[in-house]
């Protein structure tokens, strides 16, 4: 794989950090975004070769100038890893709309704003690779993470359209759909709505307890995900979406099987609406 320039959002932790570290070790140039000076200092202490820049993906109007400055300072970017995001956990009825709005601002609008800053550059250069980090939660759902799944479903669909629109210009777009990995997603990075309605205890309390219990012991290894991402971006024929993790594979296959059965069960009524 030729040496390339990576632009990674949320590079100070989780998948972003793992991909940044792996890319640097492979000899690539890495521009990593962080939200605070403290995070920038921490990232540079751990990965001194990264080009760390401040960028809050929810400050949409500032992103084009940040991207322009990054390319002026460090040269053209080849690969965008749209990684910045977080998880929200909470029963839908209990969770304020403001929490949904912020979830979408980061996970959807922020990712799209960063991608849009690169689209004209990649299109004009007739090359480039965009990896939008979604989730298995962009293909399946679970009780208690409606806002998160909603945001990842949205980014999943947008990624598919982005892929079709950019393909004529030689630009690849893949949605990366990880399962459960040993990151801080279910730990300090997760925003949790306070419980308030007892009727949901039987459904949700075991789910929340299991997530706490599993945190830090998930099957997925972030370093192996990073290696897989490097293999992905080296491909000339990357997939529209890439599942990572055996749990993601199992759960998505089960959802597809249920969907096929639902379609077959209601096929007669589906046809009945044709004029």
(message) I need the peptides 12-21, 256-265 ranked by packing, meaning the mean over residues of other C-beta atoms within 10 angstrom, with the highest value on top.
(response) 12-21, 256-265
(request) Note the full-extension length gain between residue 94 and residue 202 as 0.36 nm times their separation in residues minus their Cα-Cα distance, in nm to one decimal. (result) 37.4 nm
(request) Mind jotting down the distance between the C-alpha centroids of the range 86-144 and the range 218-245, whole Å? (result) 18
(request) Provide 200, 147 in ascending order of the number of other Cβ atoms located within 10 Å of each residue's Cβ, fewest first. (result) 200, 147
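Kirkwood hydrodynamic radius of the range 22-123 from all distinct Cα pairs, in Å? The partial results should precede the final answer.
Details: mean 1/r = 0.0663 Å⁻¹.
The answer is 15.1 Å.
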(request) Order by neighbour count: 127, 177, 149, fewest other Cβ atoms within 10 Å first, most last. (result) 127, 149, 177
(request) Quote the FRET efficiency, to the nearest 0.05, computed for residue 273 versus residue 1 with a Förster distance R0 of 51 Å and r equal to the Cβ-Cβ distance. (result) 0.55
(request) Would you compute, from DSSP H runs of 4+ residues alone, the mean residue ellipticity of the chain at 222 nm, taking -39500 (n - 2.57) per run and dividing by the full residue count, rounded to the nearest 500? (result) -15000 deg cm²/dmol
(message) Taking 0.36 nm per residue of sequence separation and subtracting the Cα-Cα distance, how much length would be gained by fully extending the chain between residue 38 and residue 259, in nm to one decimal?
(response) 75.0 nm
(request) Express the Stokes-Einstein translational diffusion coefficient of the chain in µm² s⁻¹, to the nearest whole number, given a Kirkwood radius over alpha-carbon pairs, 37 °C and a viscosity of 0.692 mPa s. (result) 167
(request) With just the Cα atoms of the range 165-215, tell me how far they stretch along each of the three principal axes, in Å, largest first. (result) 53, 24, 16
(request) Please check which bits of the range 230-268 a label hung off residue 210 would reach, taking the label as a point 7 Å along Cα-to-C-beta and the cut-off as backbone N under 19 Å. (result) 245-258
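Laboratory data are not the source of any read-out in this text; all were calculated from the coordinates shown. In this text, all values refer to a predicted model and were calculated from it rather than measured experimentally. Neighbour counts are summed over all protein chains in view; Cβ atoms, including those assigned to glycine, are modelled from backbone coordinates with ideal geometry.
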